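> Below you'll find the structure I mean.
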Amino acid sequence: MRLDKFLKVSRIIKRRSIAKEISDAGRIKVNGKTAKSSTKLAIGDTISIAYGDKNLTVRVSDFKDSTKKEDARLMYEIIEEKRETN
């Protein structure tokens, strides 16, 4: 599954267009490498997202073409979530 679609379906990011903008800006890494929105994901991949004052790291657990709100959380597990304070 494409990175931008995964982020939208899993509800990590609300809109696919926003996921595309963030990844094209170089603020998303997959397995430690900067990723484009078209990057193909596999189960077990680690995604690091830097947006706003928040850094989120998740591991891909499952793929679904569409989900209900309750099932979206089952698509990934949170490894780390940090807020940067100034």
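> Out of the residues in region 1-20 that are exposed (fewer than 15 other Cβ atoms within 10 Å of the Cβ) and over 16 Å from residue 72 (Cα atoms), state the one that is farthest from the chain's Cα centre (by Cα).
17
> In the set 30, 60, which member is in contact (Cβ under 8 Å) with a residue 24 or more places away in the chain, over 15 Å from residue 8 (Cβ atoms), surrounded by 13 or more Cβ atoms within 10 Å (Cβ to Cβ) and out of contact with any helix residue (DSSP H, G or I) (no Cβ under 6 Å at 6 or more places or on another chain)?
The conditions single out 30.
Values in this text are rule-based calculations from the coordinates and carry no lab data. This is a predicted model, so every value here is computed, not measured. Here Cβ is always computed from backbone atoms with ideal geometry, including for glycine, and neighbour counts include all displayed protein chains.
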